[in-house]
Amino acid sequence: MSTKDLKVAVVGAGGKMGMRVSDNLAKTDWTVYYCETGEAGKQRVEDAGRAVTPTDDVIGDVDVAVLAVPDVALETVTADVAPKMKEGAMVLTLDPAAAYAGLLTVREGLDYVVAHPAHPSVFLERKTDEEYADTFGGIAAPQYSVAAVQQGSEDIKPFAEEVISTIYGPVIKVYWASVHDLAVLEPTLNETVGCMIGQFLKDVMDATVKHTDMDLETVQAMFFGHIYIALTNALRGSNPFSDACLLAMDYGREAIIKPDWERIFNDDDLDVVIAKMLKIDAVRR
Ligand SMILES: NC(=O)c1ccc[n+]([C@@H]2O[C@H](COP(=O)([O-])OP(=O)(O)OC[C@H]3O[C@@H](n4cnc5c(N)ncnc54)[C@H](O)[C@@H]3O)[C@@H](O)[C@H]2O)c1
């Protein structure tokens, strides 16, 4: 499929991701329809100067449906839209959880791709004010994306990469993985661990203020630089940790991390966290 004269529907166009991908799609010469059912979402679409179109009016005619609805709604939304889409069209979802859990209505004759934005790297060398301001990605700071073909041939990847690079742009590169492995990245690596540790850093910073006579400003002055050096030492080997630091790190690991932490990579554990996120009893894989 070519991206010439492409017709795209963004379903959930007024949500957080819907607005972001719509901002980028609006800059293309593709025909883009903004579909949204929530009142607040409709208002956001209109406030951005875009018209809201009922999904049913356009879904049978589009080449790509970007489903930017909440993961918990994807079962209902794919059951509704997939039977109405034209042969050869692509369903693009933005998170692997629902695909992994077997919740999507997967119709033969349609391609299904799931693509997640990686967000701009903590090590990105940002050069402009716009790049500095773009913490999430999708505006000015370049980011990667990792995607998976849930249904379809290898041939759809170049086309899918063009669409993914547009909705999440600027994109440096789209990497490909299986739906299962993408679910190991998101949620296991990114949310179960990365985001949890990010929030934990905030919790220990607040606890430091609570347990000492220092104010938050003093604690942040010391901590933010140390977070950066810890990340660059550990992830890029920029400098060795000092011998005393290594001993304190061992103490911290023993005090805080459970010895069997790698169980989060077992599929049974992944099923549990995905079922929790999707608010379902169990995944159907
Ligand atoms: N928010 C993030 O940081 C983020 C990052 C990466 C991927 N994602 C993924 O993007 C997708 C959307 O998440 P979000 O956080 O933007 O959700 P959101 O709740 O912010 O927005 C969802 C929008 O969909 C609308 N909607 C719900 N049902 C609809 C329907 N049947 N038809 C049309 N519109 C409908 C809602 O009114 C809402 O405006 C999810 O798959 C999520 O996992 C989100």
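Quick look at the values:
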quantity: Residues that are assigned to a loop (DSSP other than H, G, I, E, B), more than 7 Å from the ligand (Cβ to nearest atom) and either in contact (Cβ under 8 Å) with a residue 60 or more places away in the chain or surrounded by 15 or more Cβ atoms within 10 Å (Cβ to Cβ) (or both), drawn from region 25-53; calculated: THR28, TRP30, ARG50, THR53
quantity: Residue within region 239-246 that is small (Gly, Ala, Ser), farther than 26 Å from SER145 by Cα and at pLDDT 95 or above present; calculated: yes
quantity: Residue that is surrounded by the most Cβ atoms within 10 Å (Cβ to Cβ) [pool: residues in region 82-114 that are within 22 Å of the chain's Cα centre (by Cα) and assigned to a helix (DSSP H, G or I)]; calculated: TYR100
quantity: Lone unmet requirement of (1) away from the ligand (no atom under 12 Å from the Cβ); (2) assigned by TED's automatic domain parsing to the domain that holds VAL91; (3) in contact with a Phe, Trp or Tyr (Cβ under 6 Å, 6 or more places away or on another chain) for MET1; calculated: (2)
quantity: Candidate set from region 54-71 (those that are near the ligand (Cβ under 9 Å from one of its atoms) and not in a loop (DSSP other than H, G, I, E, B)); member that is surrounded by the most Cβ atoms within 10 Å (Cβ to Cβ); calculated: LEU67
quantity: Scan of region 74-114 for residues that are of a type outside the set (Val, Ile, Thr), within 9 Å of the ligand (Cβ to nearest atom) and without any contact (Cβ under 8 Å) to a residue 60 or more places away in the chain, ordered by number; calculated: LEU74, ASP80
quantity: Residue check, ILE164 of a type in the set (Val, Ile, Thr), surrounded by fewer than 23 Cβ atoms within 10 Å (Cβ to Cβ) and within 30 Å of LEU231 (Cα to Cα); calculated: no
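The values are calculated or read from the model by the stated rules, or taken from the named source; none is laboratory data. All values reported here derive from a predicted model rather than from experimental measurement. In this analysis, Cβ positions are derived from the backbone assuming ideal geometry, glycine residues included, and neighbour counts consider all displayed protein chains.
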